Amino acid sequence: MSWDHEVDLLIVGSGAGAMVAAIVAHDYGASCLVVEKTEQYGGNSAMSGGAMWVPCNDKMREAGEEDSREEALTYLRTVTRGLVPDEKIVTYIDTCNEMLDYVLTKTHLRAEPMLTYPDYFADEPGGKSGGRALEPEHFDARRLGDDFYLMREPALQELVFGRMSMTATEAHHILARHPGWVKMTLQMMLRYSGDLGGRLRSKRDRCLSLGNALVAPLRLSMIDRAIPLWLETSMEDLVVEDGRVTGIVAKRNGATV
């Protein structure tokens, strides 16, 4: 087979999982390439709430929330109702904190436990009322430079007045009118309107939260490592040799590669 480009690891799609895969592979010595069919990176991850469900994480323990491997296993086995192989459930529980520790120490991502955000089925055996889910801290999009404007925008329903971003924890405090919610709202509005450089260029809030705050620090971590990202590169077909997938056929800049 004659290739136009060769790498050790080719990743199709540019969501959070794709970026973490590229970062880890690079750190272990592999050459990587991430290809994305649209003109923006981040995919569904950028439009999501950005939360990571990681039971028994250190941050929830530091906040005084108790959890155990047995409770987490019981919870997942209950809510998946036998539809997920037990090997996968055990592997997830036993390795999710390794993933979390890696991204929090090796990338620009920072996250905090969502103490008021319960498991989706908190009343089921092993369920918890908060702390297992972590959300990204606010991220300053100016650290990405012009690359910020190539990231997929957040979902409209995640923004205040279709413009200002806030974390899920901030949204909970404001909507529940916890003490200090008025001050928090005013600070958010002043922060947005005070970003004159941002307002001159776009209505997008450069103080990122939720899915944008998950994708942006991972993208910056890719840039630090000079991991290439090809936008507007669509996978057309898989290349299979001797029963193994060895590459893809893609369209880039109107050419087949």
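The values are calculated or read from the model by the stated rules, or taken from the named source; none is laboratory data. Just so we're clear, the structure is a prediction, and the values are computed from it rather than from any experiment. Positions of Cβ are backbone-derived with ideal geometry, glycine not excepted, and every protein chain shown enters the neighbour counts. Just so you know, the surface numbers come from the protein's heavy atoms only, side chains and all, with ligands and any DNA or RNA stripped out. Shrake-Rupley method; radii C 1.70, N 1.55, O 1.52, S 1.80 Å.
For the chain, compute the number of Lys pairs whose alpha carbons are separated by less than 28 Å, excluding pairs fewer than 8 positions apart on the same chain.
Value for the chain: 10.
Can you send over the carbon and sulfur percentage of the accessible area for the range 98-217, probe radius 1.4 Å, protein chains only?
59
So for the range 117-193, taking the charge dipole from beta-carbon charges (+1 Lys/Arg, -1 Asp/Glu), which of His138, Phe121, Leu190 sits furthest toward the positive end?
The one lying farthest along the dipole's positive direction is Leu190.
Take the alpha-carbon centre of the range 50-113, take the same for the range 183-229, and report the distance between them in whole Å.
About 27 Å separates the Cα centre of the range 50-113 from the one of the range 183-229.
Residue separation times 0.36 nm, minus the C-alpha to C-alpha distance between Leu238 and Arg225: what's the value? Intermediate values should be presented prior to the final figure.
Values: separation 13, 0.36 × 13 = 4.68 nm, distance 2.72 nm.
That works out to 2.0 nm of additional length.
Run the paramagnetic zone check for Thr169: 7 angstrom along Cα to Cβ, then residues of the range 117-139 with backbone nitrogen under 18 Å.
Those under the cut-off are 117-119, 129-139.
In the range 124-140, which residues have a backbone nitrogen under 18 Å from the label point lying 7 Å from Leu83's Cα in the Cα-to-Cβ direction?
124-125
Suppose every Lys and Arg Cβ carries +1 and every Asp and Glu Cβ carries -1, with no other charges. What dipole size does the range 158-248 come out with about its Cα centre, to the nearest 20 debye?
860
Can you tell me the order of 115-126, 178-189 when each peptide is scored by its average per-residue count of other Cβ atoms within 10 angstrom, highest first? Spell out each step's value before the answer.
Values: 115-126: 14.9, 178-189: 12.4.
Order by mean packing, descending: 115-126, 178-189.
Could you check which residue among Glu87, Glu135, Glu66 shows the biggest mean-square fluctuation in a GNM of the chain with a 10 Å Cα cutoff?
So, out of Glu87, Glu135, Glu66, the one fluctuating most is Glu87.
Please state the charge dipole magnitude for the range 48-105, taken about the Cα centre, from unit charges on C-beta atoms (+1 on K and R, -1 on D and E), reported in debye and rounded to the nearest 20. Working shown, then result.
Numbers: 6 positive and 12 negative charges, 60 e Å.
It works out to roughly 280 debye.
Give me a comma-separated list of calculated 3J(HN,Hα) values for the range 45-54, in order, Karplus coefficients 6.51, -1.76, 1.60 applied at θ = phi - 60°, integers in Hz, x for any Gly or Pro.
Values, residue by residue: 4, 5, 9, 8, x, x, 7, 10, 8, 9 Hz.
At a 10 angstrom cut-off on C-beta neighbours, averaged per residue, how do the peptides 95-104, 237-246, 164-173, 214-223 rank from highest to lowest?
Peptide ranking by packing, descending: 214-223, 164-173, 95-104, 237-246.
Just from its helices, what would the mean residue ellipticity at 222 nm be for the chain, if runs of 4 or more DSSP H residues each count -39500 (n - 2.57) and the sum is divided by every residue, rounded to the nearest 500 deg cm²/dmol? Show your work: numbers first, answer last.
Working: 9 runs with 98 residues, N = 257.
Result for the chain, helices only: -11500 deg cm²/dmol.
Extension gain Trp53-Lys251, at 0.36 nm per residue separation less the Cα-Cα distance, in nm? Provide the component values of the computation, followed by the final result.
Numbers: separation 198, 0.36 × 198 = 71.28 nm, distance 3.54 nm.
Full extension from Trp53 to Lys251 adds 67.7 nm.
Roughly how many Å² is the accessible area per residue of the chain, as a whole number, for a 1.4 Å probe?
With the other protein chains kept in place, the chain gives 55 Å² per residue.
Treating the beta-carbon of each Lys and Arg as +1 and of each Asp and Glu as -1, no other charges, what is the dipole magnitude of the chain about its Cα centre, to the nearest 20 debye? Could the numbers behind the result be given before it?
On the way: 28 positive and 38 negative charges, 249 e Å.
With Lys and Arg at +1 and Asp and Glu at -1, about 1200 debye.
Apply the Karplus parameterisation 6.51 cos²θ - 1.76 cosθ + 1.60, with θ equal to phi minus 60°, to every residue of the range 13-25 and state each ³J(HN,Hα) to the nearest whole Hz, in sequence, with x for glycine and proline.
With the stated coefficients, the range 13-25 comes to x, 10, x, 4, x, 5, 5, 5, 4, 5, 5, 5, 4 Hz.
As an exercise, use a Förster radius of 22 Å and the Cβ-Cβ distance of Val90 and Asp123 to find the FRET efficiency, rounded to the nearest 0.05.
Rounded to the nearest 0.05, the efficiency is 0.40.
Highest GNM mean-square fluctuation, the chain, Cα pairs closer than 10 Å: which of Lys88, Lys37, Lys106?
Lys88
Rg and Dmax in Å for the chain, alpha carbons only: what are they?
20.3, 65
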